[in-house]
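The values are calculated or read from the model by the stated rules, or taken from the named source; none is laboratory data. Treat the numbers as computed from the prediction; the structure is a model and nothing was measured. Glycine gets a Cβ as well: all are built from the backbone with ideal geometry, and neighbour counts include every protein chain shown.
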Amino acid sequence: MSIERLTQLNLRFRRGVAALGASDETRRAHLQPALARELLESMLLARHLDIAALELRARGVGHYTIGSSGHESNVVLGRLTRVTDPSLVHYRSAALQLERARQAPELDNVRDIALSLVASSDEPVSSGRHKLFGGAALGIIPQTSTIASHLPRAVGLAYALGWKQAQGLVQAEASRPTPPKDTLVLCSFGDASVNHSTALGAFNAAGWVAHQSLPLPLLFVCEDNGLGVSVRSPPGWTEMRLRALPHVRYFGADGTNLYGCFEQARAAVDYCRSVRRPAVLHLSCVRLLGHAGSDVDTTYRSRQELEQAAERDPIWCAARSLIAAGVLEAHEVLALDAQAEARVKLQAKYAETRPRLTTRAQVAASLSRPIPPGFAARAASASAEPMTLAQGVSFALAELLTNDPGSLLFGEDVAKKGGVYGATKGLFERLGHARVFNTLLDEQTILGLALGAAALGLYPVPEIQYLAYLHNAEDQLRGEAATFSFFSNGLLENPMLVRIAGLAYQKGFGGHFHNDNSLAVLRDIPGISVCVPARADDAIALYRTAHALGRLHGQIVVSVEPIALYHRRDALRDGDGRWLAPPPAAGAEYGRARVYPSDAADVLLVTYGNGVAMCLRAREALAQAGVQTRVLDLRWLVPLPWDDIVHEARRAGRALIVDEARHSGNVSEALLAGLSERAKGVLTARVTAADCFIPLGDAAELVLVSEAEIVEAAIALSRS
Ligand SMILES: Cc1ncc(C[n+]2csc(CCOP(=O)(O)OP(=O)(O)O)c2C)c(N)n1
């Protein structure tokens with residue numbers, strides 16, 4: 001049905017153009033003929049690609065039918081922005097991208113888009129993993145389909161652009177072309193997306209930055225077709241919403257008027273380039289079809305409405321005004337249309353013959369770059385006093401920030417205060433406000449800033465103040481950071497070290513939200529690594545390796561720092577000071593555990609975080625009961641250190657898993673399953689926290705793992 005409608009529209013366009021008379025005698029102010037011809041050509045190519053998408057889908061060889069029809073006036077942005085302007089674009093951006101591709105003549109973008117429609121592995125953006133607009137040579141960063149999720153990264157990119165310029169780092173990288181001083185970031189989306197809290201958070205963050213007179217050259221573009229699938233934007237709402245954004249200059253453009261649209265877009269682009277402040281271009285569009293090929297919009301749009309939309313078709317409107325103004329002749333427009341149709345058909349036919357992804361390994365290959373076995377950061381200076389975990393974190397971060405001028409640390413309260421728990425103490429004074437700074441209170445913005453900074457070659461170290469508050473922003477990690485490499489065929493990467501204070505045992509303080517003890521949400525994200533340092537030397541070793549992994553392999557590392565261990569000094573007895581540790585000589589080996597040695601072991605205690613402290617104490621009590629144990633601190637929860645786990649479990653013959661996280665969805669499940677597969681014959685048991693939130697006060701102990709429980713379970717296991 002959609003395909004008939006679009007084909008009919010094209011026929012109507014041809015008849016309409018053919019019927020148009022000669023131009024006015026006096027040529028009106030309009031676009032230059034060469035420019036007009038190119039813009040119209042890109043628009044027509046986009047339209048014929050939509051027809052091809054529907055046709056391929058109808059025959060079962062194409063897989064994507066969210067079209068650009070009715071949004072082709074975004075072509076002006078393809079013309080007015082540069083390949084050096086990082087761009088994150090709406091999924092209706094075929095005309096924009098085709099026009100942008102004129103700046104990269106080595107590409108055949110019609111062919112590339114056709115290849116994406118059939119999910120061919122020849123397709124250069126994601127190698128057939130998704131139909132996305134993008135491409136390194138085009139400066140277009142591929143987007144996921146989660147609406148508005150790209151806006152925080154866009155704010156981060158624009159902020160990082162200014163940051164790099166201020167730090168004098170722009171010229172420092174041999175691997176990237178130096179972007180011009182007036183580079184901007186382009187970010188487009190639909191009108192329904194404007195209402196998403198992620199978008200509103202990003203608009204707010206942009207205003208917050210601009211309010212402080214910091215540079216933020218960011219052009220938001222709202223392509224307003226009045227609909228979000230079947231839901232209508234209330235008339236006037238989108239404009240009112242966008243006009244009310246503080247410090248974001250509003251520009252309105254009518255997508256049915258190509259010339260006016262070009263001029264308004266130019267004004268908006270010039271404003272961002274020269275004033276270095278954010279702006280929004282509100283571009284009126286129409287949706288000529290259903291939301292996607294499968295959406296039958298006639299169930300919620302009247303015949304009259306569809307007829308009005310067809311009359312506002314930007315291609316028809318552009319052709320009519322160009323002919324009326326004497327810029328192009330009707331026969332030239334018809335020739336352009338015929339050529340566009342022929343070119344698209346040829347490339348669609350070619351795309352059909354090209355290979356697809358055929359193996360699981362091929363699909364997963366772009367998740368992250370392979371990390372060589374035994375990877376660890378090189379030695380670093382080790383002379384310092386024994387320290388607490390919090391001091392160790394601060395030491396590690398000081399080392400990282402000092403050694404890498406492209407690194408930056410930010411979050412809520414991390415600067416002068418030094419973090420809620422002092423884990424970033426002294427860094428602000430030592431490295432300055434440009435390298436260590438507070439953000440506004442919005443976890444999506446914090447991670448968005450990291451996403452943008454990393455995409456520009458920086459190494460961000462964002463902090464999430466409490467594990468429970470990661471969940472507000474988790475999509476920025478799961479849907480954005482982790483998919484970046486996957487959907488760009490490994491060409492793009494956003495390495496970072498995300499530090500999150502978390503886990504329980506704060507001795508009655510804080511209740512659930514300050515003692516959150518579930519790591520499930522971090523464990524299943526393909527392509528990211530997760531670590532938990534228990535002591536200062538672990539934190540320093542792990543962060544050295546995390547940074548090296550990021551810089552050398554583009555890896556994202558998330559570290560959950562156990563709050564209850566931050567200031568612990570003693571290991572076994574009050575005043576023994578044995579939890580303190582000096583910095584180690586080198587980094588931690590990637591995916592390797594730390595084993596606390598013992599001469600003999602009847603039971604291996606497999607644990608991490610607070611569990612390490614509890615197990616070391618339980619070990620003493622168990623020894624008195626005649627049960628010898630060895631403690632294995634996983635340190636890396638993703639990937640799990642299987643070689644060490646299996647080796648030590650086999651040596652002891654029994655493995656007790658001590659997981660301070662909830663019973664369901666956490667690491668104990670993976671350990672039990674993995675041991676049954678990899679270490680057959682080893683007897684296993686586990687102790688975990690309850691599937692419950694953490695209450696306030698001493699009642700917290702009722703749902704958490706206790707030392708007594710560990711002792712009891714280990715004795716029971718030793719006797720089985
Ligand atoms: C976070 C999220 N929720 C829901 C969806 C499903 N969805 C896809 S597109 C869309 C409507 C978007 O409308 P708009 O932003 O106006 O863009 P348009 O499609 O009209 O161009 C919805 C609800 C999604 N992709 N992401």
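Looking at Ala539, is it among the small types (Gly, Ala, Ser) and part of a loop (DSSP other than H, G, I, E, B)? So Ala539 fails the test. What about Val229, is it among the β-branched types (Val, Ile, Thr) and near the ligand (Cβ under 9 Å from one of its atoms)? Criteria met by Val229.
So that you can scan it fast, the table gives a plain yes or no per residue for (1) out of contact with any helix residue (DSSP H, G or I) (no Cβ under 7 Å at 6 or more places or on another chain); (2) surrounded by 23 or more Cβ atoms within 10 Å (Cβ to Cβ):
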{"site": "Leu44", "(1), (2)": "no, yes"}
{"site": "Val61", "(1), (2)": "no, no"}
{"site": "Ser68", "(1), (2)": "no, yes"}
{"site": "Glu72", "(1), (2)": "no, yes"}
{"site": "Val83", "(1), (2)": "no, no"}
{"site": "Ala95", "(1), (2)": "no, yes"}
{"site": "Pro105", "(1), (2)": "yes, no"}
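Of the residues that make up the range 168-186, is at least one closer than 25 Å to Leu56 by Cβ, touching a residue at least 24 places away in the same chain (Cβ under 8 Å) and either surrounded by fewer than 21 Cβ atoms within 10 Å (Cβ to Cβ) or more than 16 Å from the ligand (Cβ to nearest atom) (or both)? No - not one qualifying residue is present in the range 168-186.
Considering Ser676, Ser706, the condition of being in contact with a helix residue (DSSP H, G or I) (Cβ under 8 Å, 6 or more places away or on another chain), at pLDDT 95 or above and surrounded by fewer than 20 Cβ atoms within 10 Å (Cβ to Cβ) is satisfied by Ser706 alone. Within the range 49-59, the set of residues being surrounded by fewer than 24 Cβ atoms within 10 Å (Cβ to Cβ) and over 30 Å from the mean Cα position of the chain (by Cα) comprises Ile51, Glu55, Leu56, Ala58, Arg59.
Evaluate the range 435-442: report whether one residue or more is under 19 Å from Glu399 (Cα atoms), surrounded by fewer than 24 Cβ atoms within 10 Å (Cβ to Cβ) and not aromatic (Phe, Trp, Tyr). Looking for residues that are under 19 Å from Glu399 (Cα atoms), surrounded by fewer than 24 Cβ atoms within 10 Å (Cβ to Cβ) and not aromatic (Phe, Trp, Tyr), one finds at least one in the range 435-442, hence yes.
The number of residues in the range 76-110 being within 16 Å of the ligand (Cβ to nearest atom) and without any contact (Cβ under 8 Å) to a residue 40 or more places away in the chain comes to 0. Helices (runs of 4 or more DSSP H) fully within the range 250-343 that include at least 3 residues being buried (at least 17 other Cβ atoms within 10 Å of the Cβ) and touching a strand residue (DSSP E or B) at 6+ places or on another chain (Cβ under 8 Å): 258-275. Which of the residues belonging to the range 686-720 are among the small types (Gly, Ala, Ser) and farther than 17 Å from Arg654 by Cα? The answer is Ala689, Ala690, Gly697, Ala699, Ala700, Ser706, Ala708. Considering Leu88, Leu39, Leu80, the condition of being touching an Asp or Glu at 6+ places or on another chain (Cβ under 7 Å) and assigned by TED's automatic domain parsing to the domain that holds Thr7 is satisfied by Leu39 alone.
Within the option set Gly674, Gly653, Gly681, Gly626, being under 28 Å from Asp576 (Cβ atoms) and free of Cβ contacts under 8 Å to residues at least 60 places away in the same chain holds for one residue only, Gly626. For the structure I just gave you, tell me whether Gly156 is surrounded by fewer than 19 Cβ atoms within 10 Å (Cβ to Cβ), part of a helix (DSSP H, G or I) and away from the ligand (no atom under 15 Å from the Cβ). Spelling it out, it is not the case that Gly156 is surrounded by fewer than 19 Cβ atoms within 10 Å (Cβ to Cβ), part of a helix (DSSP H, G or I) and away from the ligand (no atom under 15 Å from the Cβ). Listed by position, the helices (runs of 4 or more DSSP H) enclosed by the range 615-720 that each have at least 3 residues that are under 27 Å from Ala376 (Cβ atoms) are 642-652, 667-678.
Residues checked against (1) in a helix (DSSP H, G or I); (2) in the same structural domain as Tyr350 (by TED's automatic domain parsing); (3) not hydrophobic (A, V, I, L, M, F, W, C):
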| site | (1), (2), (3) |
| --- | --- |
| Arg47 | yes, yes, yes |
| Glu55 | yes, yes, yes |
| Ile66 | no, yes, no |
| Val75 | yes, yes, no |
| Glu99 | yes, yes, yes |
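Considering the conditions (1) part of a helix (DSSP H, G or I); (2) buried (at least 24 other Cβ atoms within 10 Å of the Cβ), Arg430 is excluded by exactly one of them, (2). For the range 215-226, the set of residues classified as away from the ligand (no atom under 13 Å from the Cβ), of a type in the set (A, V, I, L, M) and over 19 Å from the mean Cα position of the chain (by Cα) consists of Leu216, Leu219, listed by residue number. The single condition among (1) under 18 Å from Arg568 (Cβ atoms); (2) surrounded by fewer than 24 Cβ atoms within 10 Å (Cβ to Cβ); (3) acidic (Asp, Glu) that Asp538 does not meet is (2).
Total residues in the range 201-214 satisfying the condition of being surrounded by 18 or more Cβ atoms within 10 Å (Cβ to Cβ) and either assigned to a loop (DSSP other than H, G, I, E, B) or within 16 Å of the ligand (Cβ to nearest atom) (or both): the figure is 3. Against the definition (at pLDDT 95 or above, within 16 Å of the ligand (Cβ to nearest atom) and either within 20 Å of Ala265 (Cα to Cα) or touching a strand residue (DSSP E or B) at 6+ places or on another chain (Cβ under 8 Å) (or both)), how does Ser193 come out, yes or no? Answer is yes for this residue. In the range 287-311, the residues that are of a type in the set (Asp, Glu) reach residues that are buried (at least 17 other Cβ atoms within 10 Å of the Cβ) with C-beta atoms within less than 6 angstrom, at least six apart or across chains, in these pairs: Asp297/Gly290.
A quick yes/no check of all residues on (1) modelled with pLDDT of 95 or more; (2) within 16 Å of the ligand (Cβ to nearest atom); (3) under 28 Å from the mean Cα position of the chain (by Cα):
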{"position": "Tyr250", "(1), (2), (3)": "yes, no, yes"}
{"position": "Asp254", "(1), (2), (3)": "yes, no, no"}
{"position": "Tyr259", "(1), (2), (3)": "yes, no, no"}
{"position": "Phe262", "(1), (2), (3)": "yes, no, no"}
{"position": "Ala265", "(1), (2), (3)": "yes, no, yes"}
{"position": "Arg273", "(1), (2), (3)": "yes, no, yes"}
{"position": "Val280", "(1), (2), (3)": "yes, yes, yes"}
{"position": "Leu283", "(1), (2), (3)": "yes, yes, yes"}
{"position": "Val286", "(1), (2), (3)": "yes, yes, no"}
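For the range 483-515, filtering for residues that are part of a helix (DSSP H, G or I) and buried (at least 19 other Cβ atoms within 10 Å of the Cβ) leaves 5.
Scanning the range 118-146 for residues that are in contact with a strand residue (DSSP E or B) (Cβ under 7 Å, 6 or more places away or on another chain) and within 16 Å of the ligand (Cβ to nearest atom) turns up Phe133, Gln143. Apart from one condition, Thr198 fits all of (1) within 16 Å of the ligand (Cβ to nearest atom); (2) more than 30 Å from Ala434 (Cβ to Cβ); (3) outside any strand (DSSP E or B); the exception is (2).
For the range 232-246, filtered to residues that are under 18 Å from Val286 (Cβ atoms) and surrounded by 13 or more Cβ atoms within 10 Å (Cβ to Cβ), the residue that is nearest to the ligand (Cβ to nearest atom) is Ser233. When Trp636, Trp642 are screened for being out of contact with any Leu (no Cβ under 7 Å at 6 or more places or on another chain), of a type in the set (Phe, Trp, Tyr) and over 18 Å from Pro562 (Cα atoms), only Trp642 passes.
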